[in-house]
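Step one of this worksheet: look at the structure below.
The values are calculated or read from the model by the stated rules, or taken from the named source; none is laboratory data. Owing to the predicted nature of the structure, the values given are computational and were not obtained by experimental measurement. Methodologically, a virtual Cβ is constructed for each residue, glycine included, from the backbone with ideal geometry; neighbour enumeration extends over all protein chains shown.
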Amino acid sequence: MSAPSPLVEVRGLTKHFGGGGLFGGSKVVRAVDDVTFTIRRGQVVGLVGESGSGKTTVGRTILRLIDPTGGKVVYDGTDIAGLSASALRPWRKRMQYIFQDPYASLSQRMTVGDILSEGLDIQGVGTRAERLDRAAMALDAVELPREALARYPHEFSGGQRQRIGIARALTLEPEFIVADEPVSALDVSIQAQIVNLLRDLQARTGQTMLLISHDLSVIEFLADTVVVLYLGRVMEAGPSEAVYTAPRHPYTQALLSAVPSTVPGEKRQRTVLKGDIPSPLSPPSGCVFRTRCPIATAECAGTVPALQGVGTDHQAACLKL
Amino acid sequence: MSGRPPLLEIEGLRTVFTVRGTEIAPVNGIDLAIGAGETVALVGESGSGKSVTALSVLGLLPRVARIAAGSVRLHGEGGAIDLARLDPEALRTIRGSRIGMVFQEPMTSLNPVLTIGDQITEPLLVHGLATRAEARERAIAMLDSVGIPDPARRLASYPHELSGGMRQRAMIAMALVCRPGLLIADEPTTALDVTVQAQIVELMTGLQESLRMGILFVTHNLGVVADMAHRVAIMYAGRIVEEGPVAEVFTAPRHPYTRGLLASVPRPGEALRLRRAGQKLAAIPGQVPSLMALPTGCAFAGRCPLAVDRCRTEAPGPTVPSPARSVRCHRWDAAA
């Protein structure tokens, strides 16, 4: 079984915010620093990390919702990181974004039908009747009744709104979707519904997906490959099976052990990290994780560890491997 | 309550809100007891009434709300007092001295223009429990015990100078400086990253053991409940639908809602197994009913896999499936 071909190759992606300022004195936020990974066709890649890890910035930069400071985003053979807005346009309809907050991301003044067909309008796809037909089919796909077309977002619950957000991303039949924390604003009992829906849709359409989440079990359930970010850098990447069952980076190990189990009395071997995530305004020298790492030594301050192979398609960036 | 002396006893508590002329009951007749030195978790999803319960105990309800029925008895030296009947002035005295509180977002609870030191010493000075010099010493000791490095220097810091985890530690120090017998913690770890959440859970568990206080821990995170609570009460649409020791409720849940909640949080390793087997996550169908239009009968019946006709007409009363446990369900002994 040969691996499917790459759809998106992220190479040395870097995004810094600030640094200008009226007197050139404002500090640079190193949100994403030299991030490299590959998303193969039909695969779900999970991007996991805590706040400040840069996961949302990576997702938005790949779709060019924000412009990168450096690096490449090779999409189906073309580096789209440097394309002008007009040159980017034909690429846009191949990719869609699903937002975290179903309350903030849907216009309250538009009907669901208008929200769903807006993207088709902009791309000039079909007649109005055809567009509404595609919107209705998208509602079918997310298991909402077609009557919803004439209603407004505020008439729906959080879970239903997230279904509308997903339907909006589906109408253009994109080959690539970035889903940014698609369930974290939802209640526990609703999360599982949406996670199941995302998996069914992905399995049916064979879409390629970048799934951004801080929730390790959501990634574990949906993603074929996991990329673990910390302070804008990749700590570990590999097949979900390998990363979840045999994590190699001390950060991944601590992150997995920090998730509390619902089995009472099951005190697993837990590594409680000391301290907080440092500010991306002044990340530590060398390995960015060293200030909280239980096995860091002096050499970790001097060298930025490169990603190195630790198994089949499995890499980690640590001097202590 | 497993033989502990009672600390807080909530009986028949009903809290109502008046919204556009209509009265709704986010807390609709609940009973809950916390023993001295016991951690009780109150679990529910948005709109379940868990936070309104906490605010009712603290006397911090918004203006549109009032306690319509029931009692909230706080036990102490000299007997019990009913917090539901106290005037605002008397409640203020009790908050901070006998009941500490920690909320989800430390940035909105801490005063941004006062130093951490001012805020930690304030309750001691307001309640006349210490001189300024003593208060400072106790504040330093408290910051040290919540794991804030260099505590004497931190007294002069402002909240914005601390990280999220450190702010939450400072808020816990503030809540505990008067040595209250009861701590009410409303989603204290929800806004934190998982590695920092693990630190705060470890800290609270340690403090609970050393200070022997009772804790009412309001959360939606079942993993945190399993980690630190002795007993758990599950709320749904204003009622406690199941209650008992965490170990028993989590290993043998009786209410179909509890079962559904536990099943929808895959245990580590389980999501991978389900995916390999091509199976779905266990989801609870439908959504939480609106408090404006609660069904007659059991509020969960519309989403319940076990519901029968009786569930749609008759609200289930409390049943005791085993000692120390309680469940409100007509079908509690039906097979899952």
Set B:Leu42, B:Leu60, B:Leu32, B:Leu7: member being buried (at least 19 other Cβ atoms within 10 Å of the Cβ), farther than 19 Å from B:Gln208 by Cα and within 18 Å of the chain's Cα centre (by Cα): B:Leu32
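Just wondering, is there one or more residues in the range B:231-239 that are within 14 Å of another protein chain (Cβ to nearest Cβ) and at positive phi?
Taking every residue of the range B:231-239 in turn, at least one turns out to be within 14 Å of another protein chain (Cβ to nearest Cβ) and at positive phi.
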It is to be established whether one or more residues within the range B:256-278 are surrounded by fewer than 16 Cβ atoms within 10 Å (Cβ to Cβ), in contact (Cβ under 8 Å) with a residue 40 or more places away in the chain, away from every other protein chain (no Cβ under 11 Å) and not in a loop (DSSP other than H, G, I, E, B). no
From the list A:Arg168, A:Arg134, which one is more than 14 Å from every other protein chain (Cβ to nearest Cβ), among the basic types (Lys, Arg) and within 22 Å of A:Gly46 (Cα to Cα)? A:Arg168
Of (1) surrounded by 18 or more Cβ atoms within 10 Å (Cβ to Cβ); (2) touching a residue at least 12 places away in the same chain (Cβ under 8 Å); (3) not aromatic (Phe, Trp, Tyr), B:Arg212 satisfies every one except (1)
What number of residues within the range B:308-335 are in contact with a Pro (Cβ under 8 Å, 6 or more places away or on another chain) and of a type outside the set (Phe, Trp, Tyr)? 10
With criteria (1) within 8 Å of chain B (Cβ to nearest Cβ); (2) surrounded by fewer than 23 Cβ atoms within 10 Å (Cβ to Cβ); (3) modelled with pLDDT of 90 or more; (4) farther than 30 Å from B:Arg303 by Cβ, A:Arg270 comes up short on (3)
Mind telling me which of the residues B:Pro188, B:Pro253, B:Pro180 ends up being within 13 Å of another protein chain (Cβ to nearest Cβ) and of a type outside the set (Lys, Arg)? B:Pro253
Just one of (1) in a helix (DSSP H, G or I); (2) farther than 24 Å from B:Val288 by Cβ trips up A:Leu172, so point out which. (1)
Only one of these conditions is not met by A:Gly158: (1) in contact (Cβ under 8 Å) with a residue 24 or more places away in the chain; (2) more than 13 Å from every other protein chain (Cβ to nearest Cβ). Which number is it? (2)
Which ones in the range B:311-330 are part of a loop (DSSP other than H, G, I, E, B) and surrounded by fewer than 18 Cβ atoms within 10 Å (Cβ to Cβ)? B:Glu314, B:Ala315, B:Gly317, B:Pro318, B:Val320, B:Pro321, B:Ser322, B:Pro323, B:Ala324
Within the range B:1-117, considering only helices (runs of 4 or more DSSP H) that don't extend past its boundaries, which have at least 2 residues that are among the aliphatic types (A, V, I, L, M) and closer than 17 Å to B:Ile184 by Cα? B:50-58, B:88-94
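Mind listing whichever residues of the range B:281-310 are more than 30 Å from A:Asp200 (Cα to Cα) and in a loop (DSSP other than H, G, I, E, B)?
B:Leu294, B:Pro295, B:Thr296, B:Gly297, B:Cys298, B:Val308
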Determine whether the range B:129-152 contains at least one residue that is β-branched (Val, Ile, Thr) and either within 14 Å of chain A (Cβ to nearest Cβ) or within 30 Å of B:Leu222 (Cβ to Cβ) (or both). yes
Among the residues that make up the range A:257-267, is at least one of them within 11 Å of chain B (Cβ to nearest Cβ), among the charged types (D, E, K, R), over 26 Å from A:Asp76 (Cβ atoms) and not in a helix (DSSP H, G or I)? yes
How many residues, within the range B:146-176, are in contact with a strand residue (DSSP E or B) (Cβ under 8 Å, 6 or more places away or on another chain) and either among the polar types (S, T, N, Q) or modelled with pLDDT under 90 (or both)? 1
Residue list for the range A:194-206, filter: buried (at least 22 other Cβ atoms within 10 Å of the Cβ) and either out of contact with any Pro (no Cβ under 7 Å at 6 or more places or on another chain) or away from chain B (no Cβ under 11 Å) (or both): A:Val195
